[in-house]
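Taking it in order: structure first as structure tokens, then the write-up.
The values are calculated or read from the model by the stated rules, or taken from the named source; none is laboratory data. Everything numeric in this text was worked out from a predicted model, so none of it was measured. Positions of Cβ are backbone-derived with ideal geometry, glycine not excepted, and every protein chain shown enters the neighbour counts. Note: accessible area is taken over every heavy atom of the protein model, side chains too, but ligands, DNA and RNA are not part of it. Shrake-Rupley method; radii C 1.70, N 1.55, O 1.52, S 1.80 Å.
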Amino acid sequence: MIYLRLLQMPLREKCTLLMRGTMETVSGAMCSTSTVTWTICSTFMDRIGARKVILVGHSMGGITAIKTALRAPERVERLVVEDIAGNKEALSQERMNSIVYFLSLAIKAIQQVPAGEDEEKAKHFILDFLFKNLPDEFKKHNNKDNVLSRIQLKRTADGRYNFRGNIEAVSKALQNAESLMTQPTGLYEGAACFIYGKLSPLNVPSEEQFIKERFPKAKLIGIENATHGVHNDCKKEFTEILLNFLLE
């Protein structure tokens with residue numbers, strides 16, 4: 001049971017950092033992963049007096065965790081990265097464009113949701129719009145239930161909806177893959193775990209050599225039926241792997 005495993009863990013303080021521009025609580029243009037986000041993470045650790053931390057990061061948060069571990073390895077006790085390898089060369093503009101296209105369809109879909117619509121009906125309206133317009137390649141790697149669970153809405157004053165995530169800022173940032181990040185350098189010899197979705201288009205295991213060169217003790221663990229949002233697609237499996245790693 002997950003709850004029993006949680007009881008086995010030593011008492012710790014958990015903190016969540018939101019990248020500027022990606023969540024409803026944080027406004028403005030999205031931070032450049034290559035320039036400031038790892039510095040923000042380090043500064044935050046200083047402010048709360050954390051000499052050493054366990055970092056868990058997903059996607060662009062995973063890149064921040066990777067860079068923090070490589071630049072300040074003495075401050076990272078363990079590292080968990082979800083569905084990203086951190087190799088800039090693997091994040092081509094072509095690959096980013098497919099994500100931008102998906103986000104642009106989501107924006108179009110939410111704009112067409114009728115005012116006053118029930119939230120669940122609004123989510124299904126957006127889902128149906130996406131699967132009607134997305135290419136078959138996307139549909140092969142995503143099922144409707146997984147995509148539906150990732151649609152998070154908030155109602156506006158006029159009775160319509162916005163996404164909880166600032167997808168406009170994310171979309172804008174992804175339109176220039178070259179400036180999104182710099183190639184990670186350094187060495188982290190601590191415990192590291194790279195959890196990836198076996199249906200994810202990012203294909204993390206193909207970057208195993210890149211990962212091992214920077215994280216020689218890294219474990220790569222794939223989860224069946226999971227795409228890029230592993231923690232959302234397969235909650236139980238992801239949590240079990242995470243806790244097993246933390247309790248080692």
Quick one: compute the contact order of the chain, relative version, from alpha carbon pairs under 8 angstrom and 6+ residues apart, as a percent.
-> 24
Pairwise label distance in nanometres, Thr16 with Lys172, each label 7 Å out on the Cα-Cβ vector | 2.4
Global geometry of region 56-169, whether rounded, prolate or oblate, following the gyration tensor of its Cα atoms and the 1.5 cut on a/c = prolate
Rounded to a whole number, what % of the accessible area of region 105-248 do carbon and sulfur atoms account for, probe 1.4 Å?
-> 50
Note on region 94-248: the mean projected area of its alpha-carbon convex hull, in nm², is 10.9
Which peptide among 155-161, 75-81 comes first, and what is the full order, when sorted by highest mean count of other Cβ atoms within 10 Å?
-> 75-81, 155-161
With each pseudo-label sitting 7 Å past Cα toward Cβ, what's the Arg155-Lys108 distance in nm, one decimal?
-> 2.8
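Tell me, what is the FRET efficiency for Thr239 and Lys139 to the nearest 0.05, using R0 = 22 angstrom and their Cβ-Cβ distance as r?
In this case the efficiency is close to 0.20.
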Label-point gap, in nm, between Ser179 and Glu213 - each point 7 angstrom along Cα→Cβ = 2.7
Return the inverse of the average 1/r over all pairs of distinct C-alpha atoms in region 181-248, which is the Kirkwood hydrodynamic radius, in Å to one decimal.
-> 12.8
Given C-alpha coordinates of region 108-190, what is the ratio Rg to Rh with the Kirkwood estimate of Rh?
-> 1.11
Under 16 Å from the Cα of Lys235, which aspartates and glutamates turn up, not counting those fewer than eight places away in the same chain?
-> Glu82, Asp83, Asp145, Glu224
Report, ordered by chain and residue number, the aspartates and glutamates lying within cross-link reach of Lys154, taken as a straight Cα distance under 18 Å and ignoring same-chain residues fewer than 8 apart.
-> Glu24, Glu117, Asp118, Glu119, Glu120, Glu168
